[in-house]
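Every number in this text was worked out from the coordinates using simple rules, so none of it is lab data. Remember, predicted model here, so these are calculated numbers, not experimental data. Backbone-built Cβ (ideal geometry, glycine too); neighbour counts: all protein chains shown.
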Amino acid sequence: MKRIRNESGFTLVEMMIVLLIISVLLLITIPNIARHTATIDEKGCEAYRTMLSSQIEAYKLEFKAKPELADLQTEGFVKEGDLVCPNGTELTIVAGVISEKP
């Protein structure tokens, strides 16, 4: 007589339970991530402004003058087109002061 092999594997019910658990975990985490996106962008913009302020201070120390945006770009302190926050807010620098573009 042929012996029947005991082949083990996952049943359909076990696979459905695993998929249900994964779906529930995704339903819990995705809204939390979406809710915190605005906060993350806001913090990123604050950090970017701080970095720009330090570049302005470095320019002031080196050249003993308040920089305009063009000055910072020509001296390599800021790259061209590099004045956009992670949340999309455009910034400008006038007389060493950072402000949002109107």
Counting only residues that are more than 16 Å from the chain's Cα centre (by Cα) and among the hydroxyl-bearing types (Ser, Thr, Tyr), how many does segment 4-48 have? 4
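Across segment 46-78, what is the number of residues that are in a loop (DSSP other than H, G, I, E, B) and either more than 13 Å from Ile93 (Cα to Cα) or out of contact with any helix residue (DSSP H, G or I) (no Cβ under 8 Å at 6 or more places or on another chain) (or both)?
5
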Restricting attention to segment 22-45, which residues are loosely packed, with under 10 Cβ neighbours inside 10 Å and closer than 20 Å to Leu91 by Cβ? Thr39
